[in-house]
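Structure first, commentary second.
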């Protein structure tokens, strides 16, 4: 049977050949997770993904049902939800103290690639539950942790995040949900929240809503925002469920995709008292929420990537079995060729492959940094690793979801007319993927984060560390004969990128700030291209010496070299042109006044 | 009230200031169409589009209904269909002999921009009817013309085009529908056709299907294909309708968009005799169909453009009324700014504006060439104009629909979370637009047409004529002070483009043919970028001298200069990098073997 969702050979390559993730078993913390165990886990994950979660995908497109405050998910979700949770997949890399499996995060990401690629809308429930639990684990009181964590990591309860309001989307600081302190130390919450994924659903006993609200008299803007734990049903002291906490679902959105996850409007405290308890300190809600959001942003990158890899595998399989038109160089009278042989179809598939594989490495690399932090006992090293991950976060969220949408669009294109028909899987993948560029901070906001915060933070050290890691790969690649030439090309791009980043960073801190930020998104794009080329060159350097060793792997390794070559020789020149535009930082965007855009 | 669909000021600018279309009234043929008349026509068109067709858009998304061989369009279509046809809008630029209005095609395109931007799926019925009628007008017998044309141009009957079969999509030559000659000179047609837009519907009395089929014993491939006129109901000698001709609709597709136009599967002659009459000569069907397809391709470009302009206008209006987040350079304590003021939102809108306006000029320019042909009495001049239009066709179809999808995706992005919600108009525009990159020849095929046929045809004369037209605009721009600098930038790009086209063209005719064609799509993209910049520079040159003349127009003209500047300073450098990659023509795509793409 053809591969589905992802190419297992490539997943294994990144886990074991590029990142040697089994070596972490040398550390006490990960001693249970040697290569053999990891392979077993991955086998189970692929099984669950393909046999149970993937069949939900088509069903998920029919959507959830809202009726009088209740939301029903597709009925087929329930059994798979139970199996998924019972298998411990919700808390793969979390602390065993709270019911987690304690495996390396990198492995969890590889498993999640399959789960999300199988059915993103089903997985989004878990993603938010996990994020909410992690938030409580990091910032909650002992009481909050004891009451919630095991229930959440086991999937008995779910979690969400309540930020957005009709007038407070990108501008979280504009929120108006209020919190009034009660004599017993709890708070009465009142307000409306929108766009709440999984805000109400029927798979769980209780839903925990980490909620941003403003305590009476607190300052305006983000400095006056506090974070509260607001359960759907109140939690008694013995952990049993109490009465309904007046978190009322008032409707769900009709969207262009991701129908299998309900996007809810919630009314808090409108019809009766809604009680919340403070998470962390008063007015410090944004910091905690940001920690949750950073993880969520990395996961949104994975969401986009997972759909992209699924779309790539479908398109590749289709192109291998669909025949149309004689090949350009075939002898007269030849029959139609498989479309994978036509040059422009090859181009499309190679665009998809190079991005999907670069994304895979970059996303797993984010996990690797996390795992390295987990085993490090050196504070400086931990800070450095964390810094690189912070630099990578807007790239993983912003760049990857932008390119994932493009990859999914190519998936439709390779199918031709059939791609537009919902009978085939690629149209839904495209529709579902469109939201990832928007939620958890639009990609415009990611680009502002990269240029305005990540580039210059801590005097630029994390950003320099990021570039130094790339330099290491480059130096290694220069020693490998088969990739020397493309390494040299990459090196030239790398130098130009570093110079351009410096120029733009300086402008961002000068009177040219508006010009500079009108190029924040191209800057994000070039930083992403740099990251893709980095990962692909790394892969090629690992692959090249292995060509000729085992016949069955030869095409795979040759494919690695050729894919890096394609990206460096074909995509990087375009990106290099973008660097020219950034360095020039023309004022046409900044100069554009409202009235110049068109008639009112 | 805010503008809808398009910015009327910009439409007028292109018609009257860039192309002076009213001047055609000096010719006998267009003597009825001076500027004043054109303005009246446009006013009527905008009225019809906004008041009658636009309200169909949301409704159209609910789709057509198939039941036992019958297809019902949304019931609201019927009245608008009648009004549209009675107004003569279906045959705006056609010969009055057959009921046409005889106006310049350029004006018809401007009107169509509004109609298609209002509801593309509704208009697709008309687009195909018109194409089919034109085909019969150009290639049909006197009898076919007399029986069909007035009924078709008046909208009493509709038309389609029957090419695609399950195994013959891009590969038309693989079709298996058969035609057997009858003693009376008619043919009995038998076969299955799929993806037939408007193949069955309930707004008309009869449907005329120009059908590709192979006459018994004809050669294989495209050389053995003939074209037939196959009506849904047979036509009696007196023009009245006879019995059902056994063109049976067996189902309609479920698609990701354009739901308001039914995509039909048709069975011809499966349940009884299906009679067709030959159009043109035996085995020469492809040539006639290509003529129809060329017009259709230009119209598909317009379809994409029309959705892009609608999405742009929605996004611009939204960005002018949505407030989020304090502006970067605002004083502390300032309230949230309109998002149109944020640099990255400006960038997104300017990307949209520059492409939409470049597309508008390029599409109208296609009409202008057609109108110039219509009034020319010089055969060489006519051939030259026709050649340029042939070069432009794959750009208008391929490049414009690719970028239109991108523009529509930006439309969603500017709306943020609301963009993903079907309550707002931008999601549907994005979904509807995805098909334009596929039908009437995928954009991959457009790129092969450009590189493989249009670049070198007639010893390269049409392509040189195309470049010479650009050179003229450039020379004029060099004389305008305010645009001199960007003209110089454009000139450098233009030189590089011309060199690169020569290199690639030579490789396409050498042993490097597969390498060359693995860059056909980037070549289409750069040719499109060149065309956009050409049109935008032309616009800026016209606008610049007018700044300061009338206060109310100042922002419009300044916007023109700034938009050209943006495209030339920000998009062209990226395109220039793409030219580097094309010139290098790396072999990584061509070298990619099936097995290197991934595991089976």
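The values are calculated or read from the model by the stated rules, or taken from the named source; none is laboratory data. Source: prediction; values computed, not measured. When we count neighbours, we look across all protein chains shown, and the Cβ atoms used for this are built from the backbone with ideal geometry, even at glycine.
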Tell me which residues, restricted to the range B:256-277, are surrounded by fewer than 24 Cβ atoms within 10 Å (Cβ to Cβ), within 14 Å of another protein chain (Cβ to nearest Cβ) and touching a strand residue (DSSP E or B) at 6+ places or on another chain (Cβ under 6 Å).
B:265
Evaluation of residue B:190 against (1) at negative phi; (2) outside any strand (DSSP E or B); (3) surrounded by fewer than 22 Cβ atoms within 10 Å (Cβ to Cβ) (one fails), failing number:
(2)
Among A:340, A:388, the single one that is in a helix (DSSP H, G or I), farther than 25 Å from residue B:409 by Cα and within 14 Å of chain B (Cβ to nearest Cβ) is A:340
List every residue pair whose Cβ atoms lie under 8 Å apart, where the two residues are 6 or more positions apart in sequence or sit on different chains, the first residue falls within the range A:1-12 and is under 10 Å from residue B:598 (Cα atoms), and the second residue, located anywhere, is modelled with pLDDT of 95 or more and part of a loop (DSSP other than H, G, I, E, B).
A:3/B:598; A:7/B:598; A:9/B:598; A:10/B:598
Does residue A:505 fit the bill of being in contact (Cβ under 8 Å) with a residue 24 or more places away in the chain, under 26 Å from residue B:351 (Cα atoms) and in the same structural domain as residue A:566 (by TED's automatic domain parsing)?
yes
Among what's in the range A:145-165 and is assigned to a helix (DSSP H, G or I) and crowded, with 19+ Cβ neighbours inside 10 Å, pick the residue that is farthest from the other protein chains (Cβ to nearest Cβ).
A:147
Unmet requirement for residue B:307, which otherwise passes all of (1) closer than 30 Å to residue B:370 by Cα; (2) within 9 Å of chain A (Cβ to nearest Cβ):
(2)
Looking at A:573, A:545, can you tell me which residue is part of a helix (DSSP H, G or I), more than 9 Å from chain B (Cβ to nearest Cβ) and more than 28 Å from residue B:340 (Cα to Cα)?
A:545
For the range B:554-570, give me each residue that is more than 7 Å from chain A (Cβ to nearest Cβ) and free of Cβ contacts under 8 Å to residues at least 12 places away in the same chain.
B:554
Can you tell me which of A:174, A:168 is out of contact with any strand residue (DSSP E or B) (no Cβ under 7 Å at 6 or more places or on another chain) and either modelled with pLDDT under 95 or within 14 Å of another protein chain (Cβ to nearest Cβ) (or both)?
A:168
In the range B:576-596, what residues are in a helix (DSSP H, G or I), within 7 Å of chain A (Cβ to nearest Cβ) and within 29 Å of residue B:355 (Cβ to Cβ)?
B:576, B:577, B:578, B:580, B:581, B:584
Where in the range A:216-322 are the strands (runs of 3 or more DSSP E), entirely inside, with at least 1 residues that are modelled with pLDDT of 95 or more and touching a helix residue (DSSP H, G or I) at 6+ places or on another chain (Cβ under 9 Å)?
A:225-231, A:233-235, A:263-268, A:275-279
What number of residues within the range A:508-528 satisfy the criterion of being at the interface with chain B (Cβ under 7 Å from one of its Cβ atoms) and in a helix (DSSP H, G or I)?
5
Search result, residues across the range A:324-337 that are within 8 Å of another protein chain (Cβ to nearest Cβ) and touching a strand residue (DSSP E or B) at 6+ places or on another chain (Cβ under 9 Å)
A:324, A:336
Just give me the residues in the range A:386-411 being in contact (Cβ under 8 Å) with a residue 40 or more places away in the chain, within 14 Å of residue A:311 (Cα to Cα) and in contact with a helix residue (DSSP H, G or I) (Cβ under 7 Å, 6 or more places away or on another chain), in sequence order.
A:401, A:403, A:404, A:405, A:407, A:408, A:410, A:411
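Can you name every residue in the range B:51-83 that is under 17 Å from residue B:115 (Cβ atoms) and out of contact with any helix residue (DSSP H, G or I) (no Cβ under 7 Å at 6 or more places or on another chain)?
Filtering the range B:51-83 down to residues under 17 Å from residue B:115 (Cβ atoms) leaves B:51-60, B:73-74, B:76-83.
Hits for the range B:51-83 are B:51, B:55, B:58, B:59, B:73, B:78, B:79, B:81, B:82.
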Filtering the range B:2-22 down to residues that are at pLDDT 95 or above, touching a helix residue (DSSP H, G or I) at 6+ places or on another chain (Cβ under 6 Å) and in a loop (DSSP other than H, G, I, E, B), which residue is nearest to residue B:372 (Cα to Cα)?
B:19
Which numbered condition trips up residue B:337, out of (1) more than 25 Å from residue B:562 (Cα to Cα); (2) free of Cβ contacts under 8 Å to residues at least 24 places away in the same chain; (3) surrounded by fewer than 24 Cβ atoms within 10 Å (Cβ to Cβ)?
(1)
Taking the range A:430-480 and the residues there that are outside any helix (DSSP H, G or I) and more than 15 Å from residue A:294 (Cα to Cα), the one that is farthest from the other protein chains (Cβ to nearest Cβ) would be A:479
